[in-house]
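The values are calculated or read from the model by the stated rules, or taken from the named source; none is laboratory data. None of the values given here were measured: they were computed from a predicted structure. When we count neighbours, we look across all protein chains shown, and the Cβ atoms used for this are built from the backbone with ideal geometry, even at glycine. Just the protein is used for accessible areas: all its heavy atoms, side chains included, with ligands, DNA and RNA removed. Shrake-Rupley method; radii C 1.70, N 1.55, O 1.52, S 1.80 Å.
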Amino acid sequence: MKFVLASQNPGKLREMRGILSGLGVEVVLPSELGLHVDVEETGTTFAENALLKARAVAQASGLAAIADDSGLCVDALGGAPGVYTARYGGPGLDDAGRCRLLLRNMHGLSPRTCHFESAIACVFPDGTVLTAAGRCDGTVAYAPMGTDGFGYDPIFFVPRLKKTFAQLTAEEKNEISHRGQALRAFQETLTAYLARREKETE
């Protein structure tokens with residue numbers, strides 16, 4: 001089965017492929033199909049934005065589309081950057097710039113508690129929608145640490161592991177991350193859905 005990932009983020013693609021490959025699911029980018037789908041993320045929640053993206057890509061490709069909308073929510077910043085995680089600080093910033101901005105905005109603030117949240121939506125050509133969600137709690141580090149991962153991984157500190165996401169191996173991160181949890185929940189939902197569909201066609 002082939003899913004089109006409603007994203008151009010190579011980090012998300014690696015994580016999606018790593019976790020869903022065990023189901024025999026092939027995950028491709030829209031660009032690999034010659035598609036460019038620009039979706040305006042007007043939702044007020046991660047779940048709403050994930051569904052917007054998945055529906056648009058499913059319609060454009062004629063294939064099942066999967067979308068993840070995720071972000072970092074910092075308690076001392078009132079839940080920001082939240083749904084604006086990827087756009088925090090405006091279009092002129094890269095991942096490192098957004099990390100620096102968040103650390104500046106956290107100066108002198110407490111608590112440093114935060115969480116990553118992920119919402120997944122999958123839309124099939126027949127309009128069937130499957131959803132899942134995941135969450136990982138942590139704290140905002142005082143400085144970036146580690147070189148792996150992407151986004152805010154270098155400043156997302158996991159107290160029980162005493163490491164940031166960027167200091168974990170891909171396997172360690174997938175085991176505890178918000179997206180890993182959401183994808184495993186999605187995996188269960190997808191397996192049940194496919195079993196039902198197979199039974200209906202017998």
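Considering only residues that are among the aliphatic types (A, V, I, L, M) and closer than 21 Å to Asp148 by Cα, which ones fall in segment 164-201?
Residues of segment 164-201 among the aliphatic types (A, V, I, L, M): 166, 168, 170, 176, 182-183, 185, 190, 192, 194-195.
Of everything in segment 164-201, those that are among the aliphatic types (A, V, I, L, M) and closer than 21 Å to Asp148 by Cα turn out to be Ala166, Leu168, Ala170, Ile176, Ala182, Leu183.
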Restricting segment 135-163 to residues that are among the β-branched types (Val, Ile, Thr) and outside any strand (DSSP E or B), the one modelled with the lowest pLDDT turns out to be Thr147
If the Cβ limit is 8 Å and pairs must be 6+ apart or interchain, which residue in segment 3-22 that is closer than 17 Å to Ser118 by Cα and touching a residue at least 60 places away in the same chain (Cβ under 8 Å) pairs with which residue that is surrounded by 15 or more Cβ atoms within 10 Å (Cβ to Cβ) and of a type in the set (S, T, N, Q)?
Glu15/Asn174; Glu15/Ser177; Gly18/Asn174; Ile19/Asn174; Ile19/Gln187; Leu20/Gln187
Only one of (1) crowded, with 21+ Cβ neighbours inside 10 Å; (2) over 17 Å from the mean Cα position of the chain (by Cα) fails for Leu109. Which number is that?
(1)
Out of (1) out of contact with any His (no Cβ under 6 Å at 6 or more places or on another chain); (2) outside any loop (DSSP other than H, G, I, E, B); (3) closer than 30 Å to Glu171 by Cβ; (4) open to solvent by less than 60 Å² (accessible area, probe 1.4 Å), the odd one out for Ala60 is which?
(3)
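In this structure, does Arg100 turn out to be among the basic types (Lys, Arg), within 20 Å of Met145 (Cβ to Cβ) and either open to solvent by 70 Å² or more (accessible area, probe 1.4 Å) or more than 17 Å from the chain's Cα centre (by Cα) (or both)? Lay out the reasoning, then the answer.
Values: among the basic types (Lys, Arg): yes; within 20 Å of Met145 (Cβ to Cβ): yes; either open to solvent by 70 Å² or more (accessible area, probe 1.4 Å) or more than 17 Å from the chain's Cα centre (by Cα) (or both): yes.
Here the answer is yes, as Arg100 does meet what is asked.
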Every pair of residues 6+ apart whose Cβ atoms lie under 9 Å, when the first sits in segment 164-189 and is in a loop (DSSP other than H, G, I, E, B) while the second is open to solvent by 50 Å² or more (accessible area, probe 1.4 Å):
Leu168/Asp148; Leu168/Leu161; Leu168/Glu175; Thr169/Asp148
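Do we have any residue at all in segment 118-134 that's of a type in the set (D, E, K, R) and at pLDDT 95 or above? Talk me through it step by step, then tell me what you get.
The initial filter retains those residues of segment 118-134 that are of a type in the set (D, E, K, R), namely 126.
If we keep only those that are at pLDDT 95 or above too, we end up with none.
No: segment 118-134 contains no residue that is of a type in the set (D, E, K, R) and at pLDDT 95 or above.
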Go through (1) buried (at least 18 other Cβ atoms within 10 Å of the Cβ); (2) modelled with pLDDT under 95; (3) assigned to a helix (DSSP H, G or I) one by one and return the number of the condition Asp69 breaks.
(3)
